[in-house]
Amino acid sequence: MFHTETYSGSREKNYDTLIRQLEALIAGETNAVANMANASALLHQFLQDINWVGFYVTEGNELVLGPFQGLPACVRIPFGRGVCGTAAATKTTQLVADVHQFPGHIACDAASNSEIVVPLIKNGEVIGVLDIDSPSKSRFDELDQTYLEKFAQSLVKGL
């Protein structure tokens with residue numbers, strides 16, 4: 001049985017705990033939708049000051065909405081468009097302090113002001129992205145990026 005965790009250590013220790021929780025949740029489960037759903041729920045209860053967290057999965061040359069926590073979102077995003085599409089096209093994490101300054105930003109939720117998008121890469125191919133939005137500018141930093149990339153790598157093993 002899972003319960004809400006109280007994270008009281010350093011940010012690094014808390015992220016390590018989060019990643020261990022993810023690995024325990026997806027251990028032995030091969031269904032990608034179930035694993036992404038649990039991962040988004042886990043991130044939603046762990047991260048503060050966010051308004052959307054979830055996944056887009058690759059379908060051809062676009063991303064299609066997957067499991068998420070938050071308001072309804074854009075369903076399809078072409079590779080190369082917006083923050084998510086840029087992360088998918090470049091295979092690199094996009095850490096955006098102010099989404100309104102990002103060329104071609106797709107505003108699915110008008111309340112979002114900063115965003116981090118981590119590509120999910122398996123066997124050298126982008127199979128999707130992890131997308132997290134915040135109503136605060138500059139919500140995410142390099143430490144978030146490092147640990148969310150580790151989180152994504154752990155998740156990809158279960159996809």
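The values are calculated or read from the model by the stated rules, or taken from the named source; none is laboratory data. None of the values given here were measured: they were computed from a predicted structure. Cβ coordinates were reconstructed from backbone atoms using ideal geometry, including for glycine residues, and neighbour counts include every protein chain displayed.
Of note:
- Selection of segment 47-79 for residues being under 26 Å from LEU143 (Cα atoms), of a type in the set (Gly, Ala, Ser) and out of contact with any helix residue (DSSP H, G or I) (no Cβ under 6 Å at 6 or more places or on another chain) yields only GLY70.
- Only residues that are more than 14 Å from THR58 (Cα to Cα) and loosely packed, with under 13 Cβ neighbours inside 10 Å were counted in segment 69-91, giving 1.
- Residue satisfying condition, being surrounded by 16 or more Cβ atoms within 10 Å (Cβ to Cβ), touching a strand residue (DSSP E or B) at 6+ places or on another chain (Cβ under 8 Å), assigned to a helix (DSSP H, G or I) and aliphatic (A, V, I, L, M), within set LEU130, LEU148: LEU148
- Test: residue in segment 40-48 that is of a type in the set (Gly, Ala, Ser) and closer than 17 Å to SER154 by Cβ: yes
- Among residues of segment 31-64, those that are in contact with a Pro (Cβ under 9 Å, 6 or more places away or on another chain), free of Cβ contacts under 8 Å to residues at least 24 places away in the same chain and under 21 Å from ALA88 (Cβ atoms), counted: 2
- Annotation: of all residues in segment 133-145 being in a helix (DSSP H, G or I) and of a type in the set (D, E, K, R), the one that is nearest to ALA73 (Cα to Cα) is ASP144.
- The listed residue being modelled with pLDDT of 95 or more, within 20 Å of THR146 (Cα to Cα) and surrounded by fewer than 21 Cβ atoms within 10 Å (Cβ to Cβ), out of GLU62, GLU23: GLU23
- In segment 104-127, the residues that are within 20 Å of ALA34 (Cβ to Cβ) and surrounded by 18 or more Cβ atoms within 10 Å (Cβ to Cβ): VAL118, LEU120
- Residues within segment 110-127 that are of a type in the set (S, T, N, Q) and in a strand (DSSP E or B), tallied: 1
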